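*Asks:* One structure is given below, represented as structure tokens, and several questions about it will come after.
Each value in this text was obtained by applying a stated rule to the coordinates, not by laboratory testing. What you are looking at is a predicted structure, and each value in this text was computed from that prediction instead of being measured. Quick reminder, even Gly has a Cβ in these numbers, built from the backbone with ideal geometry, and neighbours come from all protein chains shown.
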Amino acid sequence: MFADASNFVLPVDNTFIFIVIICVFFLVLITGMMITFVIKYNSKKNKKAKNIHGSVPLEITWTVIPTILVMVMFYFGWTGYKSMTDAPKDSMAVDVYAQMWSWSYKYANGVESDTLFVPLNKPVKVLLHSRDVDHSFYVPAFRIKKDVIPNRTNTEWFLPTRVGSYDVLCAEYCGLRHSYMYSTVVVLPEDQYNKWIADKQAQDNDAATP
Amino acid sequence: MASETLTLHNNGHEVSYLDYQGKHKGLLGWLLSTDHKRIGILYMIGVLSFFAVGVTLGFLIRLELLTPQGTIVGPQAYNEFFTVHGIIMIFIVVIPVIPAVFGNFFLPIMLGAKDVAFPRINLLTWYLYIIGGVLILLSLVLPGGAADTGWTFYVPYSVRTGTNMIFTLTAVFIIGFSSILTGLNFLTTIHRMRAPGMDWFKMPLFAWSLYATSWIQVIVTPIVGITLLMVIVERVFHVGIFDPTLGGDPLLFQHMFWMYSHPAVYIIIVPAMGVISEIIPVFSQRTIFGYKFIAYSSLGIAVFGSLVWAHHMFATGMSDTAEFVFSLLTFLVAIPSAIKVFNWTATLYKGSIKLEAPMLYALAFIFLFSIGGLTGIIQGALNVDLYLTDTYFIVGHIHYVVFGGTGFGLFAALHYWLPKMFGRMYNKKVAKVAFWIVFIGFNVLYFPFFILGWMGMPRRSYHYLPQFQLYHVIATVGSWILVLGLLIMMVNLLVSLIKGKKITENNIWGGETLEWKVSTPPTVENFEEIPEVFDGPYEYKQNEYASMEEEVK
Amino acid sequence: MEEAKEHSKHAHGYGIYVLVWLALVTLTGLTAAVAGINFGKLSIVVAIIIAVIKSYLVLTEFMHLKTEQRTFKAFIFVALFFIIISLALLFSDYSFYVR
Amino acid sequence: MTTQEHAVEQVHRDDIRSKMGMWLFLFSELLLFGGLFFMYSVYRFMHQQDFSIASKEMNTFLGTLNTVILLTSSLTMALSIAAIQRGKKALSIFLQIVTILFGLAFMVNKVIEWSHEFAEGNFPGSASLANRPPGQILYFGLYYSMVGLHGLHVLVGMTVIGFMTVFTIRGKITQDNYVKLEAAGLYWHLVDIIWIFLFPLFYLIT
């Protein structure tokens, strides 16, 4: 569930937790004040209200402080995003094809498969192609998501950091069997990956020349 | 607005708008009435009926998600359910509800006018609205099936699907037109028909919120109108606009769609904020804290809210510049909402608080809307949004804002103004019990969505992985509690209209705005003579005045 | 009533209308003639500028905006502001989008 | 309505209110076309070459002629209001009818132009259009949508002015109460303004 299998897990989780802490603080503050006031100034106890029209210093305070805080949040979000768009030069490119309602993957050497195999600790750049409608390439364990749009080729990269197999989901609604549009990404140690892709290529060649 | 000329007692020759017999009698007297109060009631009947349909569909969706595989229906039916649930709730319920029902009924009264600027256009909007709603209901039963695209109608799926898209799109177009006309009606009313002495900053904050909302309605609704019209044209005439097989760019559709549909969120929430700004001072029996800041923040939301649409598209692969700009603006739009929340909370300070049903709903609004708003901030951060968008997190967020916000604003408004509108009081004890059931059911239903989203559960999914089931079961149980609460609340209100205790006094809650100076229920002409206004809308003259600086000492 | 006073009647002259019409037709001829010349990228700008001048004339003279209330002018500003900002934001995506 | 209520309404006749409603409605119309202009500018930006090629096929003469027709109709509309302000009822009616006739001429021109396009096979869904590059398909898609929607507005405008003519004849629009005619005029001028932009975008810029 909270699998951490890529280089993006830590920055995304940290930004999330940072913002959640600030949000919880403000929620508790507001709710706490609300409850305190409701009890303290209940009409049974406090028969006479006082008119206070407002306070400019207070308004400035609660405008400026949240503004600063959201700017900090924005900074973390933006830098985190920036690191997700610029793929390293030595990334291994894989073409991803989405169609109603399945995924397929094509490697640089022409090998195709239904499951995405990637080597451990090697940056992978996926090029996303749609054959029909909008889809979205979503790997929760990697904290990445990118829409797959016809007439456009979006890209996304990641660095797998843990061996295992993880779910690939479609996150953009695409019709009848949208929710069944699963696939798997399998992270293998590099030698095993090389062996797999060599075997697969040999297999394909055998099948092609009967 | 305690003003001297406002001793407007009825001398018996003025009849209530409910009993008035004009040119047409009986049902026709309602269906052809141009009285803003009767049109408000017509809208209320329409909106609440569609709300019942929407709730039923939502209930069925939750029932279906009890188990990971099919529970009661197949995937096609499920897809239609969530689509129609979304369309009804967004376009037919929450966008019109507060302006069309309470705005129509109370805006002219609050401004000291006898009607809105264009009464006949006002009636026309209701008919357009009903035609649109009926078209959507028709699309459910006609062969072909209801729309199954999600309420966002994303191209190219909406061009390809074989369902009754044309019905649905036409319906939304017509309702949009109705919304524009309501908006221009309110704008003109506010500009031209305020009572003598009521300058802009003596207007009730509800009127301010409607003013900001109406601008958004007039300016951005045409854009979605033309966009959906183009989808219809594409389907019928195969004109190349968005369809990628004809060279179009599906992302342009998303831009054009959200250019309206994001500001629509503010069309939805700002009037509810206006309602809360009315209720909080009345049940605290003191002047509102920071009147001008609340008024300006409504305008601020309207301006900034129109400029943040593409934050729905962070994962679509826009240019980095666009991601930067829209994320920045998204964070900024949080500020005016925060200002409102702080000012409401400060209004409770040194008040004399009565926890009646409307106040309970208003306080719950602040709590739930805060959760909705803060979870929105979480998604404003780009890298986090790439993970959370299109998951249950966003579904939780939208329900906290739209249902926890506007829904609770609506319930608050119903409990606050219904006695005024019909002259009968509901059972206050039952109302409070219903509130707690609704409040608990709401949180049990929607809070697990945040957890599901963080776990990576995509939205609009008929089928899901087994690890998500626990939270789906909790949410479904929550939906049962919520529906129970809603039933108790609605039955209580409906019964009160027939059997409730009659109210004769004008000012049941101790409000200072003009609607509490007219008789209960209001007369046909609202005012015998147009009142003159001298003070701001929340001046409780019997109170001592103080400034914050003194208080802190 | 105050409202009645606000509505002072402006009888608009025939002459000015004909003059405006002449200007509009001349500008139309100009823009059509200029279209033959290739200014490259500038030709869009020239055509749009002429169109803006024409619509300004129609707005102020034919539509009486010149003598109308200040509120109406503010309204126009709101609508134009929204269009321009939205277009700029839309192009913050498209003009920086790398294919 | 009782006579008393009627009297109240008479006192409260607020021409500025009516005009304000009309102006706000015009903004909605403007934004309706604005959405299409947004789409146009994005696609023009993406497919400059194709747009340039496709726009060369337009009949610039007919386009210019139609522009002049519409501008002249705007003049007659404005003059008809000036006439009623001076109490010249017959002149106003004459000018309104002339305006409608100019609108009709505009539409006839459009029909000639479109039937020519259709004869060449450049209509939505046609095989010859579908075989063109994406940018040209989009150009014609936008051309038919925008000009078509504008034509629809011309028809609506003509109908509205027709009603105004009837009102003027029946004496509902008079020297003291001509706000309806003014509102119709505003609508007609907006239709003109939209054409002022459509004309260069589709006919001139190549």
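*Asks:* Pull up the cross-link candidates among the lysines for B:Lys37, meaning alpha carbon to alpha carbon under 20 Å and not fewer than 8 places away within one chain.
*Replies:* The qualifying lysines are B:Lys23, B:Lys25, B:Lys114, B:Lys420, B:Lys502, B:Lys517.
*Asks:* Taking every pair of distinct Cα atoms and averaging 1/r, then inverting, what Kirkwood hydrodynamic radius in Å comes out for the stretch A:48-152?
*Replies:* Computed over Cα pairs of the stretch A:48-152, the Kirkwood hydrodynamic radius comes out at 17.8 Å.
*Asks:* To continue, here is another question. Taking only Cα atoms of the protein assembly as shown, what ratio of Rg to Rh do you get with Rh as the Kirkwood inverse-distance radius?
*Replies:* Rg divided by Rh gives 0.98.
*Asks:* Report the normalised scattering of the stretch A:9-85 as log10 I(q)/I(0) at q = 0.21 Å⁻¹, calculated by the Debye formula with identical scatterers on the alpha carbons.
*Replies:* Treating every Cα as an identical point scatterer, log10 I(q)/I(0) equals -1.03.
*Asks:* Dividing the convex hull volume of the alpha carbon atoms of the stretch A:164-210 by its residue count, what do you get in Å³ per residue?
*Replies:* Measuring per residue, one finds 107 Å³ for the Cα hull of the stretch A:164-210.
*Asks:* Taking the dipole about the Cα centre of the stretch D:112-187, with the C-beta of Lys and Arg at +1 and of Asp and Glu at -1, give me whichever of D:His153, D:His116, D:Gly171 is farthest to the positive side.
*Replies:* Checking the options against the dipole of the stretch D:112-187, the answer is D:Gly171.
*Asks:* Could I ask something else about it? What is the dipole size for chain B, taken about its Cα centre, with +1 at each Lys and Arg Cβ and -1 at each Asp and Glu Cβ, in debye to the nearest 20?
*Replies:* Computed charge dipole of chain B: roughly 1140 debye.
*Asks:* Explain nothing, just the number: dipole magnitude of the stretch A:92-208 about its Cα centre with +1 on each Lys and Arg Cβ and -1 on each Asp and Glu Cβ, in debye rounded to the nearest 20.
*Replies:* Computed charge dipole of the stretch A:92-208: roughly 340 debye.
*Asks:* Here is a follow-up. Considering only A:Thr63, A:Phe74, A:Ile52, whose Cα is most displaced toward the positive end of the charge dipole of the stretch A:9-85, charges sitting on Cβ of Lys, Arg (+1) and Asp, Glu (-1)?
*Replies:* It is A:Ile52, whose Cα lies furthest towards the positive end.
*Asks:* I'd like the projected area of the stretch D:17-204, averaged over all directions, using the convex hull of its alpha carbons. Report it in nm² with one decimal.
*Replies:* Taking the Cα atoms of the stretch D:17-204, their convex hull projects to 10.7 nm² on average.
*Asks:* Taking the 0 to 90 degree range and rounding to the nearest ten, how far is the long axis of helix D:15-46 tilted relative to the main principal axis of chain D, both from C-alpha atoms?
*Replies:* It is inclined by approximately 0 degrees.
*Asks:* Taking a cut-off of 24 Å between Cα atoms, list the lysines near D:Lys110, but don't count ones fewer than 8 places away on the same chain.
*Replies:* Partners within reach: C:Lys54, D:Lys56.
*Asks:* I'd like to compare B:509-515, B:59-65: which one has the highest average count of other Cβ atoms within 10 Å, and what's the full order after that?
*Replies:* Ranked from most to least packed, the peptides come out as B:509-515, B:59-65.
*Asks:* Quick one: check the C-alpha center-to-center distance for the stretch B:366-419 versus the stretch A:126-190, whole angstrom.
*Replies:* If we compute the Cα centre of each part, the gap is 28 Å.
*Asks:* Right, something else. Kyte-Doolittle cut-off -0.5, length cut-off 20 Å along the helix's own axis using Cα: show which whole DSSP H helices in chain B pass.
*Replies:* Those that clear 20 Å and a mean of -0.5 are B:36-64, B:119-141, B:165-192, B:205-237, B:250-284, B:291-305, B:320-348, B:357-380, B:408-422, B:428-455, B:469-499.
*Asks:* Now for a different question. In Å, what Rg and Dmax follow from the Cα atoms of the stretch B:407-479?
*Replies:* 17.3, 53
*Asks:* Might you report the magnitude of the Cβ-based charge dipole of the protein assembly as shown about its Cα centre, with Lys and Arg at +1 and Asp and Glu at -1, to the nearest 20 debye?
*Replies:* That gives a dipole near 2120 debye.
*Asks:* Another question, if that's okay. From the gyration tensor of the Cα coordinates in the stretch B:4-552, what semi-axes in whole Å does the equivalent ellipsoid have, largest first, with each one equal to sqrt(5λ)?
*Replies:* Over the Cα atoms of the stretch B:4-552, the semi-axes work out to 38, 26, 24 Å.
*Asks:* Still on this structure, please answer the following. Identify all aspartates and glutamates with a Cα-Cα distance to A:Lys89 below 18 Å; exclude those on the same chain that are fewer than 8 residues away in sequence.
*Replies:* Leaving aside aspartates and glutamates fewer than 8 places away in the same chain, those within reach of A:Lys89 are A:Glu156.
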